[in-house]
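Below is one structure, written out as structure tokens; the observations come after it.
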Amino acid sequence: MKNRFSRAPTAALPLAILVSSLSHAQTTPAPDLPEVVVTATRSDTRADILLSDVVVIEAEAIRQASGRSLSELLTRTAGLQMSSNGGLGKQSGLFVRGTETRHVLLLIDGVRYGSSTSGAASWDNIPLSAIERIEVLKGPASALYGSDAVGGVVQVFTRRGEPGFHPSASVTLGSYGHRGANAGLSGGSETFTYSLNAGTVRETGFSATNPDVSFGGHNPDNDRFDQDTGSASMRWKLAPGWTTDAQFTQASGSSGFDRGPGDFDVHSDAVTRVLGWGLERQWSPQARTQLRLSRSDDRSTSFEELSTSRFDTAQTQLTLQNDWKTPLGNAIVGFDAVKESVDSTQAYAVNSRTTRALFAGLQGEAGRHLWQANLRRDENSQFGGATTGVASYGFQLTPHWRPHLAYGTSFKTPSFNTLYWVSPFFVGNPSTQPERGKNREFGLTYNRDAHEVKLTRFDNRVRGFITTQPVVENVPQARIEGWSLVYAASAGAWSWSTQLELLDARNLANGRKLQRRADKTLTASLDHQLGAWTWGASLLAMSGRFDDAANTVALAGFATLDLHTQYRLDPNWSLNLRLNNLADKAYETARGYNQPGRAAYVTVDWRPQR
């Protein structure tokens, strides 16, 4: 029997949980300073007046994710779904509100990053050790950032300097032969700051595949992962009102994978590189202009016994943006230009394209009214023009309750592989057209003291949805709808959060489920601090889903529990212990590919108090 999406029970369940959560709430004083986020509006905005669904992952949560990849961290802390072809460093994908991996835009310090050949971000080679903060924007954002942001945006912020002198270092040992070390140095003055960081990871790993794998063959050997990373940044106040900054991040990884039995070391080498330079003119407290020039490189080379394949893609970006405060709110207007270039052992009929765009936006509040509106026009050298927009309105019913409505459009250009790839297993289709989405959203937010509850109903319809099974084509429409419920709170030394997503993602041409999406996803965490000790637990539970577009291969649901604790030896030293997958649950997020079993990690961290 098919597990169909029942709208009436689905609607009732989040509301019931919402009422139950509020009835048991205990209140504590709220922080004095509201959190500020950037991704949802392209400018610094208080989180408490945003109408978007944004999740922020701070540095402490990132440091606690020993042995995890970026995609695993986002799955467990931001409520996203993941598919992974094995362990650390292996190919993975992320689904935001049930959209495709190619529908998620990854920004690193504001720079677009991903593969123009695969059409998706390369999540597997982004080092957690270089990340200071992550913002996850759920919902279409093409009106802000152009192509790719059909389902949402993940923005990674690398470490930045602060005045003073701040060294740091850490060493991690763990299961599967995991060894990692990181060192950093930051500092400066009121006019000049800098940050330098380096890290390395070595892991023996485990077999990425099992006998059920359908492509490539199974070899029960351990599939290793090695990675070296480095990052640097600086910010300099040139003169009153003038500031320049620059940043650089690079990660070089090598990961083993299976291509059947044999002694040859089948592996892939990947290089992630992001460079950016900016110049800012602060005209007044109400107005500023930013000019940014940046480049990202995604390079991958696969070494097999009889062949070597190479894919080098680059995105060069120029952005000019003006922000100013008006009586109607914070306004932005700007220009984007992006050139994508491909150099590969695979022959492509076209190996570069350019997109130029104009964008504008307005976000503000007055009395009990809140709003945001954005409009963008993109001109692509291959596919012509695309106009996208988003409009949101919220009303503060009471000091604690706020409903909102939103409507947004999006688009996604086909990748070079989708258009031109030719192999015995996959043939591209040069007639493939861009996907275009329309999303409707309703939300209700409750906020009181240290408690926040967000209930969101979303309905995203993607016209010309690109499928690759059994052939590459644009199907008429896919519909991705569902509910999400988030509750986060703290009381004294305790803090906790839970996220529930109920999803129905279908190809409307045949009524089948989109592959590798679970109908139900639940994450929960609990943390407590007692003197020098901090401890916590986190739960991830997912229902079953289908591995293929035909809905003939099922993946079982699963639940995993992680534990972590930290002991502060003195103000500068801490000892961190983590136990992932406590029950040693065997599960798959992609058919034939193993996921880590029970794994323990210990980290010694030296971070002098500032």
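A65: at pLDDT below 90 and either at positive phi or among the aliphatic types (A, V, I, L, M) (or both), yes or no? Yes, satisfied. For the range 573-588, filtering for residues that are in a loop (DSSP other than H, G, I, E, B), in contact with a Lys or Arg (Cβ under 7 Å, 6 or more places away or on another chain) and of a type outside the set (A, V, I, L, M) leaves 2.
Tell me, yes or no, whether the range 425-435 has at least one residue that is among the β-branched types (V, I, T) and in contact (Cβ under 8 Å) with a residue 24 or more places away in the chain. Checked against the condition, which is being among the β-branched types (V, I, T) and in contact (Cβ under 8 Å) with a residue 24 or more places away in the chain, the range 425-435 yields at least one hit. Based on what the data block shows, is S84 buried (at least 24 other Cβ atoms within 10 Å of the Cβ), among the polar types (S, T, N, Q) and under 23 Å from R42 (Cα atoms)? No.
Residue under question is F248, and the condition is that it be surrounded by fewer than 18 Cβ atoms within 10 Å (Cβ to Cβ), in a strand (DSSP E or B) and aromatic (F, W, Y); does it hold? Taking the combined requirement at face value, the residue satisfies it.
Provide a single number: the residues in the range 485-504 that are surrounded by fewer than 17 Cβ atoms within 10 Å (Cβ to Cβ), hydrophobic (A, V, I, L, M, F, W, C) and either in contact (Cβ under 8 Å) with a residue 40 or more places away in the chain or more than 12 Å from A524 (Cα to Cα) (or both). Going through the range 485-504 one residue at a time, the tally reaches 3. When the range 223-245 is filtered for residues that are surrounded by 20 or more Cβ atoms within 10 Å (Cβ to Cβ) and either among the hydroxyl-bearing types (S, T, Y) or part of a loop (DSSP other than H, G, I, E, B) (or both), the ones remaining, listed by number, are D223, R224, T229, S231, S233.
Consider the range 519-568 and keep the residues that are of a type in the set (A, V, I, L, M) and without any contact (Cβ under 8 Å) to a residue 24 or more places away in the chain. The one that is farthest from R63 (Cα to Cα) is A554. On the stretch given as the range 368-415, residues that are aliphatic (A, V, I, L, M), over 29 Å from E340 (Cβ atoms) and either touching a Ser or Thr at 6+ places or on another chain (Cβ under 6 Å) or free of Cβ contacts under 8 Å to residues at least 60 places away in the same chain (or both) total 4. Here R436, R440 are screened, and the one residue that is more than 15 Å from G139 (Cβ to Cβ), surrounded by fewer than 21 Cβ atoms within 10 Å (Cβ to Cβ) and within 22 Å of the chain's Cα centre (by Cα) is R436. Only a single criterion out of (1) polar (S, T, N, Q); (2) within 22 Å of the chain's Cα centre (by Cα); (3) part of a loop (DSSP other than H, G, I, E, B) is not satisfied by N460, namely (3).
Selection over the range 554-572 of residues that are in a loop (DSSP other than H, G, I, E, B) and within 27 Å of the chain's Cα centre (by Cα) gives a count of 2.
A single entry from P424, P414 fulfils the requirement of being of a type outside the set (K, R), assigned to a loop (DSSP other than H, G, I, E, B) and surrounded by 14 or more Cβ atoms within 10 Å (Cβ to Cβ): P414. Scanning the range 193-222 for residues that are in contact with a Lys or Arg (Cβ under 7 Å, 6 or more places away or on another chain) and in a strand (DSSP E or B) returns T193, S195, N197, R202, E203.
The values are calculated or read from the model by the stated rules, or taken from the named source; none is laboratory data. Just so we're clear, the structure is a prediction, and the values are computed from it rather than from any experiment. Neighbour counts are summed over all protein chains in view; Cβ atoms, including those assigned to glycine, are modelled from backbone coordinates with ideal geometry.
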